Amino acid sequence: MTPDARDWLAGLRRFSEQHRAPRPERRVPVPSETVVVASTAEALAAQAGILDRWLEDHGAGIRALFAERPGAAIVLTTTPPGFVAAERFRAGLAAADAERFAAVTEIEYRGWCMRSPDEHHRLHDNVWSWIKAPLPAARAGEFAAWPIPDGHAYWLHRRGRGGARTWRSADLWQWDGRTATLLASDVSERALRPGR
């Protein structure tokens, strides 16, 4: 890793630690009062399982980035339920690659990039795998092809990569208050259009 990339990554880690410190753990809201009430722990565990499976299935591609981008930091943006899977992934890396890897939230990543821009991804590569849950009721019309019962909620598992080889996709899940069920892979989101 280049000295500039090392400094950029160290700054991201410090920023992430400072950003998390004063904030209480975010509770995952239950989609509605008609859903069988699940504990926050159940929702977070279900999200962690989705993120963990994705990282297991796509870990080889992320590991390939270390060879593809030898001078760069590799940043995974995820939601807090993904941190355990990210740490397990990091523990399986060679020591030099583990030093180049960080997992942070999307908000932390964007905040740091505003303070220390790397628009052309010269210093880092970014892969993301995070869950937006639950989606606001106003967005339900986007997913009319996959109707869900009243009281259930949509979750979106967004994943992708920034930089020179940008790609993005999302899987649509249904949360019934106890179980997450995959409804569709590679869904298109109108909300991802610029300006929304």
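The values are calculated or read from the model by the stated rules, or taken from the named source; none is laboratory data. On a predicted model such as this, the values are computed, not experimentally measured, just so you know. Positions of Cβ are backbone-derived with ideal geometry, glycine not excepted, and every protein chain shown enters the neighbour counts.
Observations
- Looking across I107, I74, one residue alone is among the hydrophobic types (A, V, I, L, M, F, W, C) and assigned to a strand (DSSP E or B). It is I74.
- Considering only residues in segment 154-165 that are over 20 Å from T105 (Cβ atoms) and at pLDDT below 90, the one that is farthest from the chain's Cα centre (by Cα) turns out to be A164.
- Qualifying residue in segment 134-144 (condition: basic (K, R) and within 22 Å of I62 (Cβ to Cβ)): no
- Residue tally, condition surrounded by 15 or more Cβ atoms within 10 Å (Cβ to Cβ), in contact (Cβ under 8 Å) with a residue 40 or more places away in the chain and not acidic (D, E), over segment 147-185: 12
- Scope segment 122-132; condition buried (at least 18 other Cβ atoms within 10 Å of the Cβ) and assigned to a loop (DSSP other than H, G, I, E, B); matching residues: L123
- The requirement of being crowded, with 21+ Cβ neighbours inside 10 Å and assigned to a strand (DSSP E or B) is not satisfied by W112.
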